[in-house]
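The values are calculated or read from the model by the stated rules, or taken from the named source; none is laboratory data. Just so it is clear, the model here is predicted, and its values are computed rather than measured. Note that each Cβ is placed from the backbone with ideal geometry, even for glycine, and that neighbours are counted across all protein chains shown. What goes into the accessible areas is simple: the full protein's heavy atoms, side chains included, and nothing from ligands, DNA or RNA. Shrake-Rupley method; radii C 1.70, N 1.55, O 1.52, S 1.80 Å.
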Amino acid sequence: MAGETGESVRPGREFIPWDDLPVSRETIVGVGTVIPVVVLYVLIALLPIAFAFWASLHDIHTLNPVWEWTGVSNYSAVLELSRFWGSLWRGIVYMVGSTIIQLAVGLWMALVLNRITYGQKLLTAVVFTAYLIPTIIVSLIALRVFDPQGGVFQMIGAEWFSLWGGGEAPLGSRTWAMPLLILIGTWKFSVFITIFTLAQLRAIPNRFYEAAKVCGANRWQMFRDITLPRLMGIILVVVLLRSVFMFNKFDIIWQLTQGGPGNTTTTLPVLAYKTVYTDQAYGLANAISVVMFLFLLVAAIGYFLVFNPSEEVETTT
């Protein structure tokens, strides 16, 4: 038995052509494509957030995970912790300092790589290699150089110039530990901004610059009137991404200082980790994590309302 389109149809089953279906074929294909993404997002994002929120409403000892309902008392305890507000402030300092320096270095590298004529691909590959190096390798090298107990920098400063005593510098110094963390993170993560910016730079037509030269524009005027407006959208996007990533950064801070000396480099992720494995308060740690998430959510919404990077990207493309 065959339908009008020549396709075989099982007995007792009527063939319905694609054109007669209540939804189009493109809609069915689109829904089928989106469903796996939605399921994956629910599994790796929404469920962990829901679990953290539910755990934050309980008193849970890490080594004896019996859940006792406490309601919002964990959140009250978090807001009353002096360590929380100090860690929040240090996280903001680390985020802002890292993002600003990464933006400056990343933009500079992108502009330099875009102007190089000979060996551009090779030099670009070398620069991008820094982003591919695992964070643990960067941390081990930094510890070998800056470790307060026997690091190369510490021995040179102490033995040759008598700048500090043992265990005080550089990562052991309350003054220099945070700036040094920012600089080490900048060395690795500024390439992230370079990748996005360089792609946008190479999308700008050369005829814009040629026309500007004919009109007598210098390099600064061409950068101000041609390059920067077309980079503004991508800059707003990468600033948001880097800010979120650096505020949530845990691995490089823990590997280098473990939040020390004292609490000098303890940010909210480090505080949450210490709350679980030092204070044995799993529910309180989840409350810290939820508050941190809400802080980032409010900040991101405010950022979008003020700068609207999506509209900026659409305007410059």
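Could you please let me know if residue 263 is touching a Lys or Arg at 6+ places or on another chain (Cβ under 9 Å) and open to solvent by 60 Å² or more (accessible area, probe 1.4 Å)? Yes, satisfied.
Rundown of residues vs (1) at pLDDT 90 or above; (2) open to solvent by 60 Å² or more (accessible area, probe 1.4 Å), yes/no style:
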{"residue": "204", "(1), (2)": "no, no"}
{"residue": "209", "(1), (2)": "no, no"}
{"residue": "213", "(1), (2)": "no, yes"}
{"residue": "220", "(1), (2)": "no, yes"}
{"residue": "240", "(1), (2)": "yes, no"}
{"residue": "256", "(1), (2)": "yes, no"}
{"residue": "267", "(1), (2)": "yes, no"}
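The residues listed here are 113, 103, 107, 88; of these, the one that is open to solvent by less than 50 Å² (accessible area, probe 1.4 Å), over 28 Å from residue 303 (Cα atoms), assigned to a helix (DSSP H, G or I) and in contact (Cβ under 8 Å) with a residue 12 or more places away in the chain is 113. Restricting attention to region 259-304, the residues that are farther than 19 Å from residue 50 by Cβ and over 20 Å from the mean Cα position of the chain (by Cα) add up to 12.
Residues that are in contact (Cβ under 8 Å) with a residue 40 or more places away in the chain, open to solvent by 80 Å² or more (accessible area, probe 1.4 Å) and not in a strand (DSSP E or B) within region 52-78 comprise 53, 63, listed in sequence order. Among the residues making up region 236-290, those that are in contact (Cβ under 8 Å) with a residue 40 or more places away in the chain and part of a loop (DSSP other than H, G, I, E, B) are 248, 249, 257, 260, 261, 262, 263, 264, 265, 266, 267, 280. Residues that are assigned to a helix (DSSP H, G or I) and open to solvent by 60 Å² or more (accessible area, probe 1.4 Å) do occur in region 174-184, at least one of them.
Every test in (1) modelled with pLDDT under 90; (2) out of contact with any Phe, Trp or Tyr (no Cβ under 8 Å at 6 or more places or on another chain); (3) at negative phi is passed by residue 71 save one, and that test is (3). Within region 152-172, restricting attention to residues that are modelled with pLDDT of 70 or more and open to solvent by less than 50 Å² (accessible area, probe 1.4 Å), the residue that is farthest from residue 259 (Cα to Cα) is 170. Residue count for region 116-132 satisfying the condition of being open to solvent by less than 50 Å² (accessible area, probe 1.4 Å) and aliphatic (A, V, I, L, M): 3.
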